[in-house]
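Below is one structure, written out as structure tokens; the observations come after it.
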Amino acid sequence: MKMSFPFLAALLFAVPMTSAQAQEDLVAFHAKEIHLYGGGVLENGWLLVQDGKVVGGVEDEEALPPFVEVVDFGEKIVIPGLIAADAPLTGAGNQGDHALGAHRRAWDDYSPFQDLNKALERGITTVYLSPDRNRLVGGRGAVVKTAGSRRVLRKTSDLRVSLVSSAFSPPTFFRPPVPPTSENPIRPATPQAADSLPGAAMALRESAQLALSGATDPHSMAFAEAIRTKASLRIVVDSVAGIRVATDLAKEWDMPLILEISKDLDSTLPLPAAVTSLIVQTPLRMSFGHPSFRGDDSMPYLGDVVVPGSAARWTWLWEASLASLRSPRNEKSEATVLNRITSRAARVLGVQDSVGTLLPGQDADFVVMDGALLDSANSVHRVFIDGQSVWQRPERMKGGTVLRAGTLWTGLGAPITGGAEVLIQNGKIVAAGKVVPHPAGAEVRDAGSDAHMTPGFVDAGNHYKVGSSADPSALLGLLGVNARFHTAWRTMAAGGVTTAVVGPSRGLDTGAQYFAVKTGAVLPKDAWVKDHHVVRFDYGRTNRADLAEKVQSSLKRGKKYAEKWTQWRDERAKWEKENTQKTLDTRRQEENGLRKRLAQGAAPEKNVDEKEDVVEEDVEEKEEKDTDPLNGVWEGVIEHEMIPEPVPLTARLYHDGNTVIGVFSSPMAPPGDNEAELEGEWDAASKTITFSIPTEMGDVVIRGEIDGPDHMAVHVELEGIGAVDFEMNRTEIEEASAAPVRKKRKKKDDGPAEPEKDPRLEGMRALLEGRGVAVVRVSRMDEARTVLQNFAREKIPVHLEGLAPTKEVIALLKAFQAGVVVDPDLIQRKENVDYVPAAVFHQYGIPTAIQSQSRETQAGSLPEVLAMAVRHGLGVEVALQSVTYGAATMLGLSHQVGSLTSGMDADVVVHSGTPFALSTRILHVFAQGEEVVAP
Amino acid sequence: MSAQHQKMRSSFLLFPVLLLSLTGFSSAQEGSVAFRVGTVITMDGSTHSPGTVVVEQGRITAIGGADLEIPFDVLLKEYPDATLFPGFAETHTSGGLDRANENVPVAPFLDVKDSIDPVSYFFEDELRLGTTALGIIPGANCVIGGRGRVVAPAGMTMEAMTLDDSMGMKIAIGPKSGWSRSAQMAELREAVSKLNRDLRTKAQDILHQGAVKADALKADEAGEDSEEDGDMWDSSGGYVRFGEDFPGKDLLSEEDVDEIQRGLVDILNGDERLWLWCPTATDVFHGKTWAEDLGLLDHIIFVVTASAWKAADLLMESGRPVTLTGSMWHVERDPVTWEEVRTFVPTVFHEAGLAFSLGSEKSRMGPHRLGYQAATCIREGLPRAVALAAVTTNPAAMWGMEDQVGALKVNADGTFVLMDGDPLDIQSKVLQVWIRGSKAYDRNTDERLQRLLKGQSR
């Protein structure tokens, strides 16, 4: 709704274009809609505030004065601060005795230190303080702001008179004379006015007459002053007769009348014309405690100003105003909703010169809200009073994010058109559909009715930072200290690829492990999909004849390896059961022994365990007496949250004087390349060894400190990036001889130890234990058949890559229910015609997944590449399936990614139009609920 | 037989005479004694270890080190391991009164002298705790409570106990129980406006009477009433000094003003110290405004509770002293983060530069001793000097008696406490309490305590 031209012009001219000094504290606030008053909206404009007052508004960015500070609220809306025409902050309680107390002031009850956060939470910036509610003449009200430095608007505003039944039985007045004398005895308590409406009217008239004729008691003096200065007369009524009395009194005393109706009166009776200001209590039904009635009188009088009824909280002002739209006689307009609780309320309270609108000259009290004005669940995001931010929605009150667009592709089934929403909380999708719940405090991001939302994309093959190495330990480099934070991940994520299956580009014949990495993750714990692997095999260079054998032998090895592990697991379980039982028994024995000994008064014996250690070490101590603290073979395990699997490390250290020679090896390294010899320093005094390895990222410093016999604490640090701490134990002691003697050290019985991990067979084991999916690259039909047959026998889900969509291939794939991971060149040429193999596969019902095989950030161009493929015949839905749900299902990731349904990771891509159209661009990408900002 | 009786009777009579003479020799003059002790804490800037204090006729005449000369006729008592210090001062309490408040909300005519009970256990307990001066004043359940006075906790009559009768008036801004603050302020304003009305009426009456008398004199009829009528109230005019002038104002005398309202006139004239009960920060806000409007801010002492720490800058602005009653911590939940926030209020006051004093919490064990309250402040980081001053010299300053109590100076009252350790040590015991040169308490003869420690002797 645009403003009318005169207003616009007035606003623009109100902008001070004078000296640069005057603009020093000028701030411009920008929002999608700035409601200056109900009916006057500045769309996509800037509100100019200086020194706590509004000075103007502009529509064009060019019209902004130079050097002005801009605060941008994005897609939120700004409304003037809400004004509560009544609040129970004051005026309650058992107060004094006087029924007629015009000298009472609500200002005396004003508490500047009171916590008004609950009012600010609802956008209320100005509040009326009521004097005594339960007395005929309560006193003078006050108007204050809820926060800020200039809080008092009016110390005495109106004179409040109550003609409701609660005022009709005041307590008797009893002030005994002190001391009582015969001339001035103690008299019984005098009853006070009034018991009924006519009585009240009479009492008021009498009191007014007395006051105006010069009575000197405090009430009369204050009453006379109020009448003479024509203060507003605020009368609260709950009956039609009360309305009449109120108007008569106001006319007699010639005071402006503010009528407050506190009950649902029958609105068919017309209001007298004299009533110029009307405050209506709007019933907000929160529970079933009140009788219900239906029909037109569900909303009685339409007042100028609304306050929530007594059953609701006084801070639900916005809700009361929205509820007042229920009445069929009410025009449903944004203007009324807003005006009732802003500009009109200000006028009724007499503070219209300062608050109520955002026109130039008014105080800069405004509220920033999420969601459209009449949205059913919009919420206050921030409150400004006098241009200063006084309240901001705290973290613990944030309800999540609601994403809105014209069309929603959930990944399953047909898209939802005509407007759809997704609710994200804590990085997960809570709901997706045409309408989702809007929790209080949720941020609403509306991309427009042309936008489309799809799940984040899955790249089925990515080699970033791993390169061609088939070395699984190279994954250390991938997910090691610095790569995680590389901006390339963000580039990929900004292109929509929120999940990338990463691994070495050369598959092994025993299976190279790939990890599904979440590219937009910030915390290490979110960095990859846990406990699931995609294992890639490459039989591309094998002889035709040997292929079957090779496949079978590798499967056999894998099975044996896996069996070792299953066996170990069973043994371990059995041992643990026995052990717990044994330890329980021994402990019970010990306790009984101890008890007996204590009863006999003897000291408790040394721990049995210690005894055992002593025995064991005796054997070795003899050797250690002359033994060097350092020489020997040390073993340790490096574990770090950044590394997917713990890495065992073996070091053979030998020192000669101050130099140490260390041979480091790890069973996880590929054979033939698994030993590294380093030279470092040995400090006998502090018993530390130091190695320094120069790398391209800086020096890696390894420092080990021997803090106990056969125990070393190692600290590996890469300057500026991070450090890893782990421990090493010496397994063999050596003298000068360099020949390692593998001696089994008698250890405390710790149960059956884990079998040694063979990284080359780990992938197989994952597959055989059902924790993974295999992808095999083949080049010929017979290869494909062999692989599929053998893997199917072991019940391993397998998909193929490297085949063209011929009839035989399709038939084979269908028979084994396998899918295809297509090569990155989506568009191929056959018989001089461009075609997309993926489309052909899909035509025949073979699921496909798309991989980028990128070494750097190429995956980030996935949407553009797919757009070209779509142009050449790959359907939009097919394309979407092969990068979202279809791919996730194929690769076994559908429990976490790939679709926009409840419980999935909140990976959403917002497109400006139909996804994968050449003219569409990506507007936003959300990974785990957080928006990805392209580096 | 009778001769024997006679003999017994005479020996009987001798005995008390002997006793009397003995006691007579032990203190040649009433209220004179000298103490030489291990440490003397004067609260006047100096500490003597060892130290000597000489009291003659109820006043301190000399303080010094071990070599101070003592007049020959003053008995010297030596306690080489003890500490001597002026004794704690309870700034503002309604203990020892018959009841804390009356029902009448506006009662400027009340005075605590009518309801202090000298034999109340309260005073006995205070002696045991080492408190040597108490500011007794009506409680907070009032609008104008009445006058208070500073007493020592020893004496058989109220007059003997009184140290100063001009402590001041109690005015409560924090509402009476069941009232709201607007009713409280309205009541206060009503009382003042009623007073103004009554004064103007009375002045009119006097003028009228004066005119009548003048006429009568003219008609040669002598008037018979004399100016002096023998009662204690002043009959000369000019009693009312506050507010705007009105006809006959300068003719009003103390006698003309109704008894009930005299106290209020004294308050508004600025003759009374005002102890303003402002428990919360909001009350400080309104109380300060009220006092400023009447021009009485210079006579105010704010009596606050811990929640008033939020108004520390308002208190600083007013420049008036503050006395903290009740708990010294304020606990509340931050409404935004929902975390519990604990504020130690004396630290806030100290950092704001306020002169404050501490009160004891009689309902709790530990804080019922002023020494404990001061020690808690030190634990929370306040300097020892500040914490000790808050329970000794600051209260004395608030009462306007800094030269008389609170510190050991030459010509101050010979009032002090002998303890077997540092006054702020929780394990120190009060050995003796001397008030104006006479022993008021001795731990060895404290029958109740001895019975508790040693069991009943009979």
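The values are calculated or read from the model by the stated rules, or taken from the named source; none is laboratory data. In this text the structure is predicted, and so the values were computed from the model without any measurement. Cβ: placed from backbone, ideal geometry, glycine included. Neighbour counts: every protein chain shown. When the accessible area is computed, the model is the full protein with side chains, heavy atoms only, and any ligands, DNA or RNA have been set aside. Shrake-Rupley method; radii C 1.70, N 1.55, O 1.52, S 1.80 Å.
Pairs only if they're at least six apart or on different chains, beta carbon under 7 angstrom, first in the stretch B:161-183 and open to solvent by 10 Å² or more (accessible area, probe 1.4 Å), second in a strand (DSSP E or B); list them, first residue then second.
If the second residue must be in a strand (DSSP E or B), the pairs left are B:Thr162/B:Arg149; B:Thr162/B:Val151; B:Leu163/B:Ala133; B:Leu163/B:Val150; B:Leu163/B:Val151; B:Asp164/B:Arg149; B:Asp164/B:Val150; B:Asp165/B:Arg149.
If you check A:Gly456 against the conditions, is it open to solvent by less than 10 Å² (accessible area, probe 1.4 Å) and on the phi > 0 side of the Ramachandran plot?
Details: open to solvent by less than 10 Å² (accessible area, probe 1.4 Å): yes; on the phi > 0 side of the Ramachandran plot: no.
No.
In the stretch A:723-743, is there at least one residue being closer than 25 Å to A:Glu645 by Cα, part of a strand (DSSP E or B), modelled with pLDDT of 80 or more and small (Gly, Ala, Ser)?
Within the stretch A:723-743 (the criterion being closer than 25 Å to A:Glu645 by Cα, part of a strand (DSSP E or B), modelled with pLDDT of 80 or more and small (Gly, Ala, Ser)), the answer is no, since none of the residues qualifies.
Identify the residue in the stretch B:255-284 that is touching a helix residue (DSSP H, G or I) at 6+ places or on another chain (Cβ under 6 Å) and within 10 Å of another protein chain (Cβ to nearest Cβ) and, among all such residues, is most open to solvent (accessible area, probe 1.4 Å).
B:Thr280
Of all residues in the stretch A:519-547, how many are in a helix (DSSP H, G or I) and open to solvent by less than 40 Å² (accessible area, probe 1.4 Å)?
Selection size over the stretch A:519-547: 2.
What helices (runs of 4 or more DSSP H) completely inside the stretch A:800-899 contain at least 1 residues that are among the hydroxyl-bearing types (Ser, Thr, Tyr)? Please lay out each step first, then the result.
Numbers: elements: A:807-816, A:837-843, A:862-871, A:876-883, A:885-891.
Ranges flagged: A:876-883, A:885-891.
For the condition within 14 Å of chain B (Cβ to nearest Cβ), in a loop (DSSP other than H, G, I, E, B), aliphatic (A, V, I, L, M) and surrounded by fewer than 18 Cβ atoms within 10 Å (Cβ to Cβ), what is the one hit in A:Ala92, A:Ala102, A:Ala63? Step through it out loud before you land on a result.
Values: A:Ala102 fails: surrounded by fewer than 18 Cβ atoms within 10 Å (Cβ to Cβ); A:Ala63 fails: within 14 Å of chain B (Cβ to nearest Cβ).
None of the others qualify; the one that does is A:Ala92.
Looking at the stretch B:315-334 only, could you name the residues that are charged (D, E, K, R) and surrounded by 20 or more Cβ atoms within 10 Å (Cβ to Cβ)? Let's see the steps before the verdict.
Here is the first cut: in the stretch B:315-334, the ones charged (D, E, K, R) are B:317, B:320, B:332-334.
Listed by number, the list holds a single entry, B:Arg320.
Here are B:Ala186, B:Ala172, B:Ala216: which of them is within 26 Å of B:His286 (Cβ to Cβ) and either more than 14 Å from every other protein chain (Cβ to nearest Cβ) or within 24 Å of the chain's Cα centre (by Cα) (or both)?
Numbers: B:Ala186 fails: either more than 14 Å from every other protein chain (Cβ to nearest Cβ) or within 24 Å of the chain's Cα centre (by Cα) (or both); B:Ala216 fails: within 26 Å of B:His286 (Cβ to Cβ).
Unique residue meeting the criteria: B:Ala172.
For the stretch B:433-445, state whether one or more residues are of a type in the set (S, T, N, Q), out of contact with any helix residue (DSSP H, G or I) (no Cβ under 8 Å at 6 or more places or on another chain) and over 25 Å from B:Leu76 (Cβ atoms).
no
Only residues in the stretch B:343-366 that are closer than 16 Å to B:Leu382 by Cα count as the first member; pair them with residues that are open to solvent by 30 Å² or more (accessible area, probe 1.4 Å) and among the β-branched types (Val, Ile, Thr), Cβ under 6 angstrom, at least 6 apart or cross-chain, and list the lot.
If the second residue must be open to solvent by 30 Å² or more (accessible area, probe 1.4 Å) and among the β-branched types (Val, Ile, Thr), the pairs left are B:His350/B:Val386.
Of these, A:Ala119, A:Ala92, which one is under 36 Å from the mean Cα position of the chain (by Cα) and under 24 Å from A:Gly303 (Cβ atoms)?
On the way: A:Ala92 fails: under 36 Å from the mean Cα position of the chain (by Cα).
When all the criteria are applied, what remains is A:Ala119.
Collect the residues in the stretch A:408-424 that are touching a residue at least 12 places away in the same chain (Cβ under 8 Å) and surrounded by fewer than 17 Cβ atoms within 10 Å (Cβ to Cβ), keeping them in residue-number order.
A:Leu412, A:Gly418, A:Gly419
Taking A:Leu120 as meeting all but one of (1) open to solvent by 50 Å² or more (accessible area, probe 1.4 Å); (2) within 11 Å of another protein chain (Cβ to nearest Cβ); (3) not in a loop (DSSP other than H, G, I, E, B), write down the number of the exception.
(1)
Out of B:Phe72, B:Phe123, report the one residue that is open to solvent by less than 20 Å² (accessible area, probe 1.4 Å) and either modelled with pLDDT of 90 or more or over 30 Å from B:Trp290 (Cα atoms) (or both). Even if it seems obvious, please write down each step before you answer.
Numbers: B:Phe72 fails: open to solvent by less than 20 Å² (accessible area, probe 1.4 Å).
Sole residue among the options that is open to solvent by less than 20 Å² (accessible area, probe 1.4 Å) and either modelled with pLDDT of 90 or more or over 30 Å from B:Trp290 (Cα atoms) (or both): B:Phe123.
For the stretch B:78-99, enumerate the residues that are open to solvent by 20 Å² or more (accessible area, probe 1.4 Å) and more than 15 Å from the chain's Cα centre (by Cα).
Within the stretch B:78-99, the first condition is being open to solvent by 20 Å² or more (accessible area, probe 1.4 Å), and the residues that meet it are B:78-81, B:92-94, B:97-99.
Residues satisfying the conditions are B:Glu78, B:Tyr79, B:Pro80, B:Asp81, B:Asp98, B:Arg99.
Test A:Val878 against the stated conditions and say whether it is more than 30 Å from the chain's Cα centre (by Cα), closer than 13 Å to A:Ala839 by Cα and of a type in the set (Val, Ile, Thr).
On the way: more than 30 Å from the chain's Cα centre (by Cα): yes; closer than 13 Å to A:Ala839 by Cα: yes; of a type in the set (Val, Ile, Thr): yes.
Taking the combined requirement at face value, the residue satisfies it.
If I filter the stretch A:217-230 down to residues being open to solvent by 10 Å² or more (accessible area, probe 1.4 Å) and more than 19 Å from A:Ala193 (Cα to Cα), which single residue comes out as farthest from the other protein chains (Cβ to nearest Cβ)? Talk me through it step by step, then tell me what you get.
Quick first cut of the stretch A:217-230, residues open to solvent by 10 Å² or more (accessible area, probe 1.4 Å) only: A:217-219, A:221-222, A:225, A:227-230.
Then drop every residue that is not more than 19 Å from A:Ala193 (Cα to Cα), which leaves A:225, A:227-230.
Working: A:Glu225: 13, A:Ile227: 18, A:Arg228: 18, A:Thr229: 18, A:Lys230: 23 Å.
If we take residues in the stretch A:217-230 being open to solvent by 10 Å² or more (accessible area, probe 1.4 Å) and more than 19 Å from A:Ala193 (Cα to Cα), then A:Lys230 is farthest from the other protein chains (Cβ to nearest Cβ).
Given (1) away from chain B (no Cβ under 14 Å); (2) closer than 17 Å to B:Gln184 by Cα; (3) of a type in the set (Lys, Arg), identify the lone condition not met by A:Lys145.
Only one criterion is unmet by A:Lys145, namely (2).
So that you can scan it fast, the table gives a plain yes or no per residue for (1) assigned to a strand (DSSP E or B); (2) crowded, with 18+ Cβ neighbours inside 10 Å; (3) out of contact with any strand residue (DSSP E or B) (no Cβ under 6 Å at 6 or more places or on another chain); (4) not β-branched (Val, Ile, Thr):
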site: A:Arg340; (1), (2), (3), (4): no, yes, no, yes
site: A:Arg344; (1), (2), (3), (4): no, yes, no, yes
site: A:Asp353; (1), (2), (3), (4): no, no, yes, yes
site: A:Gly356; (1), (2), (3), (4): no, yes, yes, yes
site: A:Val367; (1), (2), (3), (4): yes, yes, no, no
site: A:Ala372; (1), (2), (3), (4): no, no, yes, yes
site: A:Ser376; (1), (2), (3), (4): no, no, yes, yes
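Mind listing whichever residues of the stretch B:418-456 are hydrophobic (A, V, I, L, M, F, W, C) and in contact (Cβ under 8 Å) with a residue 12 or more places away in the chain?
Passing the criteria: B:Leu418, B:Met419, B:Leu424, B:Ile426, B:Val430, B:Leu431, B:Val433, B:Trp434, B:Ile435, B:Ala440, B:Leu449.
Could you pull out the residue among B:Gln373, B:Gln450, B:Gln404, B:Gln427 that is open to solvent by 30 Å² or more (accessible area, probe 1.4 Å) and in a helix (DSSP H, G or I)?
Working: B:Gln373 fails: open to solvent by 30 Å² or more (accessible area, probe 1.4 Å); B:Gln404 fails: in a helix (DSSP H, G or I); B:Gln427 fails: in a helix (DSSP H, G or I).
Result: B:Gln450 is the single residue among B:Gln373, B:Gln450, B:Gln404, B:Gln427 that is open to solvent by 30 Å² or more (accessible area, probe 1.4 Å) and in a helix (DSSP H, G or I).
Taking A:Gly138 as the residue in question, decide whether it is touching a residue at least 12 places away in the same chain (Cβ under 8 Å), closer than 25 Å to A:Val348 by Cα, of a type outside the set (Lys, Arg) and within 14 Å of another protein chain (Cβ to nearest Cβ).
Values: touching a residue at least 12 places away in the same chain (Cβ under 8 Å): yes; closer than 25 Å to A:Val348 by Cα: yes; of a type outside the set (Lys, Arg): yes; within 14 Å of another protein chain (Cβ to nearest Cβ): yes.
In short, yes.
Hey, can you tell me all the residues within the stretch A:142-159 that are touching an Asp or Glu at 6+ places or on another chain (Cβ under 8 Å) and open to solvent by less than 10 Å² (accessible area, probe 1.4 Å)?
So in the stretch A:142-159, the residues touching an Asp or Glu at 6+ places or on another chain (Cβ under 8 Å) come out as A:145, A:148-150.
Answer for the stretch A:142-159, where residues must be touching an Asp or Glu at 6+ places or on another chain (Cβ under 8 Å) and open to solvent by less than 10 Å² (accessible area, probe 1.4 Å): just A:Lys145.
Given (1) crowded, with 22+ Cβ neighbours inside 10 Å; (2) assigned to a loop (DSSP other than H, G, I, E, B); (3) within 8 Å of chain B (Cβ to nearest Cβ), identify the lone condition not met by A:Asp115.
Going through the list (1) crowded, with 22+ Cβ neighbours inside 10 Å; (2) assigned to a loop (DSSP other than H, G, I, E, B); (3) within 8 Å of chain B (Cβ to nearest Cβ), A:Asp115 breaks only (1).
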